[in-house]
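The values are calculated or read from the model by the stated rules, or taken from the named source; none is laboratory data. No experiment lies behind these values; they were computed from the predicted model shown. For neighbour counting, all protein chains shown are included, and Cβ atoms are generated from backbone atoms with ideal geometry for every residue, glycine included. Ligands, DNA and RNA are stripped out before the accessible areas are found, and what is left, the full protein with its side chains, is counted by its heavy atoms. Shrake-Rupley method; radii C 1.70, N 1.55, O 1.52, S 1.80 Å.
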Amino acid sequence: MPNTIIKIGAAAFYDHRGITTLELPYLQSIGNEAFRYCTTLQRVVIPECIISLGITAFQRCIGLQEIQLPDKLTGLPNHFLFACSSLQHITLPPSMKYIPAECFRSCASLKSISIPEGVTVLNYAAFRGCESLEKFYIPHNVVSIGEEIIGGYPIDPYTGGAVPGYTGITKLKSVYIDCSTPPTCHTNAFIIVDKSKVRLFVPIGSVDAYKAIPAYADHFKGIYEFGLEASNVMDITDTSALLTWFPDVRVWRYEVKLYKNSTLKQQFLLEFRRVLFRSQQFAPPIYRQKKDTTNSSTDYFVISLENLTPSSEYEYTIEGVDTQNSPIYQSNGTFTTLGSEEGLSDITVDDPRKQTRKIFIDGQLYILRNRRTYTLNGIEIQTQNQ
């Protein structure tokens with residue numbers, strides 16, 4: 001649009017079937033329903049100079065995959081992205097103070113959303129029908145949670161009774177509320193959450209306070225503390241080990257350090273998307289595994305530590321910080337690698353025809369199976385003694 005356009009009126013492009021990208025560099029105002037039902041719209045960039053956004057401005061833009069919001073935006077209108085069913089991720093401005101009613105309702109593909117720390121109010125059905133969410137995190141400044149904030153839809157047809165049955169959101173397993181004092185909560189805030197599957201996690205020492213409020217206690221499979229899960233070292237060999245720990249949803253970035261004789265040997269930084277972006281000396285595989293437990297998260301970090309020295313003691317530390325770089329998570333421990341002779345012991349396998357043995361070649365640990373040699377990651381190699 002030309003630079004002279006600073007305002008788009010109500011329903012100006014209602015039900016338009018052709019626009020795919022919308023960049024509005026000088027726009028100050030978007031009216032109600034301005035782009036509602038623009039089903040071909042895929043990308044929207046809203047400028048920093050925006051002053052007014054209308055309700056249902058992008059409602060039912062079912063092809064919308066990306067929307068960029070200005071950092072200084074303090075709020076969104078009701079129903080703003082209602083039923084934008086192709087939207088998978090969105091970053092909300094850090095200056096936002098509230099989540100409006102039905103703002104993200106029926107965003108069926110929405111997999112992740114980071115609610116800014118400054119948000120204090122979650123309004124009616126803001127995330128209802130977001131069926132792709134596996135976890136839902138409410139930050140520590142929230143003081144009020146509205147009705148049917150997240151969950152499914154009434155079973156159709158309704159068969160009667162005091163409370164209708166609900167379809168639930170099948171992927172949702174955990175709700176985290178990082179508030180030591182339970183927020184004021186509408187009686188029906190979580191009534192449409194699948195009680196048979198979804199667990200509520202709250203800060204340490206707050207379980208009893210949440211259990212005393214029916215709006216929380218009556219609508220979850222259980223209420224547990226989060227942030228208590230310790231790290232663990234497993235599958236220790238002479239030159240390798242697996243370091244595991246449960247994610248703490250409050251952590252923005254982890255720093256992992258491995259020491260031998262008080263000397264730093266390896267160091268890793270992981271940001272909140274679980275991507276390794278810096279390491280020293282050796283970058284190990286970092287991945288997530290699923291684990292169904294009663295009192296903890298359903299997945300956990302695994303770091304494969306390689307190139308260790310046999311018969312040696314190692315010390316590790318895991319530290320986590322929030323978005324303000326404040327320390328909120330810490331775990332540490334020690335482990336000792338096996339000796340060289342222990343490393344050569346047989347590995348039991350189900351099929352005796354595929355008997356497996358660990359072997360050393362030029363100081364490195366490999367796997368010998370059926371006269372074939374493999375690295376610990378399963379890559380076959382050629383050796384002189386094949």
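Name the residue, out of Ile113, Ile50, Ile46, that is over 29 Å from Ile169 (Cβ atoms), open to solvent by less than 40 Å² (accessible area, probe 1.4 Å) and touching a residue at least 12 places away in the same chain (Cβ under 8 Å).
Working: Ile113 fails: over 29 Å from Ile169 (Cβ atoms); Ile46 fails: over 29 Å from Ile169 (Cβ atoms).
After applying the criteria, what remains is Ile50.
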Could you give me the residue pairs with C-beta distances under 6 Å whose first residue belongs to segment 75-103 and is without any contact (Cβ under 8 Å) to a residue 40 or more places away in the chain, whose second residue is of a type in the set (Phe, Trp, Tyr) and open to solvent by 20 Å² or more (accessible area, probe 1.4 Å) wherever it lies, and which are 6+ apart or on separate chains? Gly75/Tyr98; Glu102/Phe82
Restricting attention to segment 15-28, and to residues there that are open to solvent by 60 Å² or more (accessible area, probe 1.4 Å) and farther than 18 Å from Gln42 by Cβ, which single residue is modelled with the highest pLDDT? Gln28
Output the residues belonging to segment 53-102 that are part of a strand (DSSP E or B) and open to solvent by 50 Å² or more (accessible area, probe 1.4 Å). Glu66, Gln68, His89, Thr91, Tyr98
Select from segment 186-211 the residues that are open to solvent by 80 Å² or more (accessible area, probe 1.4 Å) and farther than 18 Å from Thr170 by Cβ and list them in ascending order. Thr187, Ile204, Asp208, Lys211
For segment 322-333, pairs from a residue that is within 8 Å of Val251 (Cα to Cα) to a residue that is outside any strand (DSSP E or B), with Cβ under 6 Å and 6 or more apart or across chains, are Asp322/Arg250; Asp322/Trp252; Thr323/Trp252; Ile328/Arg250; Ile328/Asp322; Tyr329/Asp248; Tyr329/Val251
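Tell me, which strands (runs of 3 or more DSSP E) lie completely within segment 230-288 with 3 or more residues that are basic (Lys, Arg), modelled with pLDDT of 85 or more and surrounded by 18 or more Cβ atoms within 10 Å (Cβ to Cβ)?
Numbers: elements: 232-234, 241-245, 253-260, 263-271, 276-279.
Of the strands (runs of 3 or more DSSP E) lying wholly inside segment 230-288, none has at least 3 residues that are basic (Lys, Arg), modelled with pLDDT of 85 or more and surrounded by 18 or more Cβ atoms within 10 Å (Cβ to Cβ).
Tell me, yes or no, whether segment 119-138 has at least one residue that is of a type in the set (Asp, Glu), surrounded by 16 or more Cβ atoms within 10 Å (Cβ to Cβ) and farther than 29 Å from Gly18 by Cα. Step through it out loud before you land on a result.
Our first condition is that a residue be of a type in the set (Asp, Glu); within segment 119-138, this holds for 131, 134.
If we keep only those that are surrounded by 16 or more Cβ atoms within 10 Å (Cβ to Cβ) too, we end up with 131.
Filter once more, keeping what is farther than 29 Å from Gly18 by Cα: none.
No, segment 119-138 contains no residue that is of a type in the set (Asp, Glu), surrounded by 16 or more Cβ atoms within 10 Å (Cβ to Cβ) and farther than 29 Å from Gly18 by Cα.
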I'd like to know if segment 31-41 contains one or more residues that are under 25 Å from the mean Cα position of the chain (by Cα) and either in a loop (DSSP other than H, G, I, E, B) or more than 23 Å from Gly129 (Cβ to Cβ) (or both). no
Would you mind stating whether Glu225 is open to solvent by 20 Å² or more (accessible area, probe 1.4 Å) and in contact with a Leu (Cβ under 8 Å, 6 or more places away or on another chain)? no
